[in-house]
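*Asks:* Before I ask anything, let me first share the structure, which is written out below as structure tokens.
The values are calculated or read from the model by the stated rules, or taken from the named source; none is laboratory data. Because the structure is predicted, anything quoted here is derived from the model rather than measured. As a convention, Cβ positions derive from the backbone with ideal geometry for all residues, glycine included, and neighbour counts pool all protein chains shown. Surface accessibility is based on the protein's heavy atoms, side chains included, excluding ligands, DNA and RNA. Shrake-Rupley method; radii C 1.70, N 1.55, O 1.52, S 1.80 Å.
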There are 2 protein chains.
Amino acid sequence: MVDKLHTKYLLSEDQIPRAWYNIVPDLPRPPEPVLHPGTKQPVTPDDLAPLFPMALIMQEVSAEPYIEIPDPIRQIYKLWRPSPLFRARRLEKALDTPARIYYKYEGVSPVGSHKINTSTAQVFYNKQEGVKKISTETGAGQWGSALALAGAFFGVEIEVFMVKVSYQQKPYRRNMMETYGASIHASPSNLTNAGRSILAKDPENPGSLGIAISEAVEVAATSGGTIKYSLGSVLNHVLLHQTVIGEEALLQMALADDYPDVVIGCAGGGSNMSGLIFPFIGEARKKGLKTRFLAAEPMSCPSLTRGVYAYDFGDTIGMTPLVKMHTLGHDFMPPSIHAGGLRYHGMSPLVSLLHEEGILEAQAYHQISVFEAKEAGQERVILFNLSGHGHFDMAAYEAYFAGKLQDFEYPAEAVAAAQQRMPQVV
Amino acid sequence: MVDKLHTKYLLSEDQIPRAWYNIVPDLPRPPEPVLHPGTKQPVTPDDLAPLFPMALIMQEVSAEPYIEIPDPIRQIYKLWRPSPLFRARRLEKALDTPARIYYKYEGVSPVGSHKINTSTAQVFYNKQEGVKKISTETGAGQWGSALALAGAFFGVEIEVFMVKVSYQQKPYRRNMMETYGASIHASPSNLTNAGRSILAKDPENPGSLGIAISEAVEVAATSGGTIKYSLGSVLNHVLLHQTVIGEEALLQMALADDYPDVVIGCAGGGSNMSGLIFPFIGEARKKGLKTRFLAAEPMSCPSLTRGVYAYDFGDTIGMTPLVKMHTLGHDFMPPSIHAGGLRYHGMSPLVSLLHEEGILEAQAYHQISVFEAKEAGQERVILFNLSGHGHFDMAAYEAYFAGKLQDFEYPAEAVAAAQQRMPQVV
């Protein structure tokens, strides 16, 4: 029996997972193939080679149940892993609930979020294949700073296209990326055809994650092979690298002598949630458990609950391969909410498939209700992922306390129109 | 032999110290008494009772070598303790130095700094003696947020006087304190005689830590016993609570199979530095080691290197008892540098005595040179304390990258004038 006030469950460093968990063999059916945007035929690894190193492409399509974590990556993981798992006793008390609430906390990493679990791995594999420079996009800067630090670890140059409104309004994350040595551009920029075409139509365009992806992909695709591209969520290999979160949480729930009835994650592109949930889905399948899995997403950009499950581009301009996912339409412009990373038109294909198959439930929430939320519940065991410390999003608290935080209605018409412009795949 | 890439040294929760280390019995001579500002005679515990609970007053004057940490405090410490100790291998490489550099990292606490080590203890003892409300001051908000969270832990109301320039320019820490339920006033305020007297002379006064202390002390002293006062640094009992840092670091250096030749801390009031260094001073004394101890302080407010060692007030207005310390003069107004907590006219009496006795060296630095610093050195083992994550001070990085960060010459004349206005104690 654990001490009543004992609230933190720690692992030793030799319990950092030695392999990432790959959910693909545990899916009820194989993932849908990624399609070439021109031919609409399944892409080959060679089609993806201009963007990614081959090791990551092989992880993207792997059906192996576990993929070994190379030792240099595990050594770097030791800077912040294993991350703590907490029992949120004060939250239970504040909610006056009989539920037992646990959370895994990824905010202890040097960049303050889970993103560095995959940026470290991605830069490692790029470095191994001789890549000297990587381009990427970032919303509020969380992913960009994680890739920037990983670039500094391995001596790989990092170029970041940062959504313009965040570039202007959130200088701290930008300063952090600069401190780590990355170069940053406000997106849309004049540096790419994608950026110029957006600015020609709308010089005041505030940017979006989809546009920044178009710019970063273009930089890599037109570099003649000298620059690769890196994405911070959505793709299979990105979610794979995050499974260290759930693998550790499984060990820590055992330390707590408890097991979750419900596992919850917040979902933008899906990576932090999948990192926690996937190993628990594997466990449920292996042991026949009836664990519930729940995705929470923003009402202003509810791809999983309101999007269609269809082939769509990953970026706004339409440069990327087509992936089957829940999408609001690749050129849908989500309203500006404080959580920049949640403003993305699509959802990870693996997460989408799990939702389509009824394994993962989803619910959309308005942001103000999230700040106000205090509810009593039933006796059950809840586990969620607190993916970052949020120190650079404190402006949202200021707006909330000042009564200035706004909710945005779900923009049904804009989504319907954007979905009309999606690529047609028979 | 440790793994070459192994950079983090962890302890288990049962290695959280069970007692705080009190340096007083290990000092070369007893601390100078605290004097009553009117009579200039040593104060009695009863003189301090309007401001502090008796348990903390007893710790302030204790000569016991160890003071047991009550179990409820240790249970709360488990939320962030033991904190990690890192070997800074990448810094060693960047400096191209044969030195081995270690740092203890206190930024993993929920408020992001070491301050919560003492705020938790202070609120606990206040609560035990029935106190329902505590007043305090804060510069940029680090101490205020630590006390606010501790207040929330124990259900004690917290009222914070925040230096006005920070209140206006650093809303994130203020939002954090509000989130924890504290009430915050910009200082100088119209709520106290101290604040009103400053505003009468200078309505645009930007505030200082010394003024905010005057306001918070006045609120407690004039409350008829319903409100106590709490200080985040300087006093003996505050430094005592921070010694968990150094006690853990001693165990962790043993894990690393190494021992520091030099232990370094940055010093504003002295609490984070003392927390790390004091247990190593005790160890050096016990074992006859020749460890060097070094305080780094800002050139713009260099109390230890340029101040006089004399009796002075702890606040600007002159309401507190007189303490013997290195001081620039209690009404000296330091120039506005980014690190608000380092803008204090005095230095902890215990730290001052150690410096006076030649046990602790001190050096003052300009802030720009700190951002630029990259130097090669000799082979030796260096340990320092990284007392917080600095996420709310990223504006200083922005100013530095933009070439807008300013250094301030040491204001010798202003200090000399302020020192003329100090109380005369024969």
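*Asks:* With unit charges on the beta carbon (Lys/Arg positive, Asp/Glu negative), name the residue among A:F154, A:H330, B:L191 whose Cα is farthest towards the positive pole of the charge dipole of the protein assembly as shown.
*Replies:* The listed residue farthest towards the positive side: A:F154.
*Asks:* Work the Kirkwood hydrodynamic radius out for region A:275-426: mean of 1/r over every pair of different alpha-carbon atoms, inverted, in Å.
*Replies:* Hydrodynamic radius (Kirkwood, Cα pairs) of region A:275-426 is 17.2 Å.
*Asks:* Against the longest principal axis of chain A, how steep is helix A:116-128, in degrees 0 to 90 to the nearest 10, with axes from Cα atoms?
*Replies:* 50
*Asks:* May I pose another question? Which percent, to the nearest 5, of DSSP beta bridges fully inside the protein assembly as shown are antiparallel?
*Replies:* 35
*Asks:* Same structure, new question: Chain pair A, B: how much accessible area is buried, both chains summed, with a 1.4 Å probe, in Å² to 100?
*Replies:* Using a 1.4 Å probe on protein heavy atoms, the buried area is about 3100 Å².
*Asks:* Determine, for region B:35-120, the count of lysine pairs separated by eight or more sequence positions (or lying on different chains) whose alpha-carbon distance falls under 19 Å.
*Replies:* Numbers: B:K78/B:K104; B:K78/B:K115; B:K93/B:K104; B:K104/B:K115.
So the count of such lysine pairs works out to 4.
*Asks:* Hey, another quick one. Which whole-number value in Å² is the accessible area per residue of region B:182-334, probe 1.4 Å?
*Replies:* 30
*Asks:* Roughly speaking, to the nearest percent, how much of chain A's 1.4 Å accessible area is carbon and sulfur?
*Replies:* 54
*Asks:* Also, quick follow-up: What value, in deg cm²/dmol to 500, does the helix sum -39500 (n - 2.57) over DSSP H runs of n ≥ 4 give at 222 nm once divided by the residues of chain B?
*Replies:* -10500 deg cm²/dmol
*Asks:* Continuing with the same structure: Using a label point 7 Å beyond Cα on the Cα-Cβ vector, give me the inter-copy distances for B:P98 in nanometres, one decimal, shortest first.
*Replies:* The projected label point of B:P98 is separated from its counterparts by 6.8 nm.
*Asks:* A follow-up question, please. If you project the alpha carbons of region B:85-139 onto their three principal axes, what span does each projection cover, largest first, in Å?
*Replies:* For region B:85-139, the Cα spread along each principal axis is 55, 22, 16 Å.
*Asks:* Taking the Cα atoms only, what angle lies between the long axis of helix B:271-287 and the longest principal axis of chain B, rounded to 10 degrees?
*Replies:* 50
*Asks:* Now, a different point. Compute the longest continuous run of chain A that contains no exposed trypsin sites (Lys or Arg not before Pro); treat a site as exposed when its DSSP state is not H, G, I, E or B and it has at most 15 other Cβ atoms within 10 Å. All intermediate terms of the calculation are to be shown ahead of the outcome.
*Replies:* Numbers: sites that count: A:K4, A:R18, A:K40, A:K132, A:K290, A:K374, A:R380, A:K404, A:R421.
Longest site-free region, per DSSP loop and neighbour criteria: A:133-289.
*Asks:* Would you mind telling me which residue in A:A19, A:A362, A:A284 has the biggest mean-square fluctuation in a Gaussian network model of chain A, where springs connect alpha carbons within a distance under 10 angstrom?
*Replies:* A:A284
*Asks:* Give the cross-link partners of B:K404 among the lysines, using a straight C-alpha distance below 24 Å as the criterion and excluding same-chain residues fewer than 8 apart.
*Replies:* Partners found: A:K164, A:K170, B:K164, B:K170, B:K374.
*Asks:* Over all directions, how big on average is the projection of the convex hull of the alpha-carbon atoms in the protein assembly as shown, in square nanometres? Present the calculation step by step, with values, prior to reporting the outcome.
*Replies:* Numbers: hull surface 141.4 nm².
Orientation-averaged projected area of the Cα hull: 35.3 nm².
*Asks:* Also, I was wondering about something else. Determine the principal axes of the Cα atoms in region B:57-172, then give the extent along each, sorted from largest to smallest and rounded to whole angstroms.
*Replies:* Result, largest extent first: 55, 42, 27 Å.
*Asks:* Would you kindly work out, in nm and rounded to one decimal, the distances from the label point of B:S223 to those of the same position in each other copy, ordered shortest first, with label points 7 Å along Cα-to-Cβ?
*Replies:* 5.9
*Asks:* Right, here's the next one. Quick one: with label points 7 Å out along Cα→Cβ, list the inter-copy distances for B:L251 in nm, shortest first?
*Replies:* Going from nearest to farthest copy, the values are 2.0 nm.
*Asks:* Further, regarding this structure: Tell me, how many Å apart are the Cα centres for region B:15-54 and for region B:148-178?
*Replies:* 27
*Asks:* State the extension gain, in nm to one decimal, for the chain segment bounded by B:L289 and B:E413, taking 0.36 nm per residue of separation less the distance between their alpha-carbons. Walk me through the numbers on the way to the answer.
*Replies:* Numbers: separation 124, 0.36 × 124 = 44.64 nm, distance 4.03 nm.
That pair, B:L289 and B:E413, stretches by 40.6 nm at full extension.
*Asks:* Related question: Are there residues in region B:377-415 whose accessible area shrinks by at least 10 Å² when all protein chains are included rather than the chain by itself, and which are they (probe 1.4 Å, ligands and nucleic acids not counted)?
*Replies:* Residues of region B:377-415 that lose at least 10 Å² of accessible area once the other chains are added: B:H389, B:H391, B:F392, B:M394, B:A395, B:Y397, B:E398, B:F401.
*Asks:* With every protein chain left in place, what is the accessible area of B:T226 in Å² (1.4 Å probe, nearest 10)?
*Replies:* 90
*Asks:* Okay, moving on. Test of understanding: in a Gaussian network model of chain B with alpha carbons linked when under 10 Å, which of B:T120, B:T305, B:T97 would top the mean-square fluctuation ranking?
*Replies:* Largest GNM mean-square fluctuation: B:T97.
*Asks:* Need the per-residue list for region B:46-93: every residue with at least 40 Å² less accessible surface in the complex of protein chains than in the chain by itself, probe 1.4 Å, sorted by number.
*Replies:* Those are B:Q75, B:K78, B:L79, B:R90, which lose 40 Å² or more relative to the chain on its own.
*Asks:* Same structure, new question: How long is region A:131-192 along each principal axis, judged by its Cα atoms, biggest number first, in Å?
*Replies:* 30, 25, 14
*Asks:* Out of every Cα pair in chain A, what percent are spaced more than 40 Å from each other?
*Replies:* Working: 10193 of 90525 pairs.
Looking at chain A, the distances longer than 40 Å represent 11 percent of pairs.
*Asks:* Where along chain B is the Cβ that lies nearest the axis linking it to chain A, and how many Å separate them?
*Replies:* Checking which Cβ lies nearest the axis yields B:H391, 2.
*Asks:* Related question: What aspartates and glutamates does A:K8 reach when the alpha-carbon gap must be under 20 Å and sequence neighbours fewer than 8 apart in one chain are set aside?
*Replies:* Counting by Cα, and skipping residues close in sequence, A:K8 has these aspartates and glutamates nearby: A:E92, A:E106, A:E247, A:E248, A:D257, A:D258, A:D261, B:E13, B:D14, B:D71, B:E106, B:E248.
*Asks:* Divide, for region A:214-329, the radius of gyration over alpha carbons by 2.2 N^0.38 Å, where N is the residue count.
*Replies:* For region A:214-329, the normalised Cα radius of gyration is 1.28.
*Asks:* Follow-up question, since we're still on this one. Can you tell me which of A:A55, A:A140, A:A249 moves the most in a GNM of chain A? Springs connect C-alpha atoms under 10 Å apart.
*Replies:* The residue with the greatest mean-square fluctuation here is A:A55.
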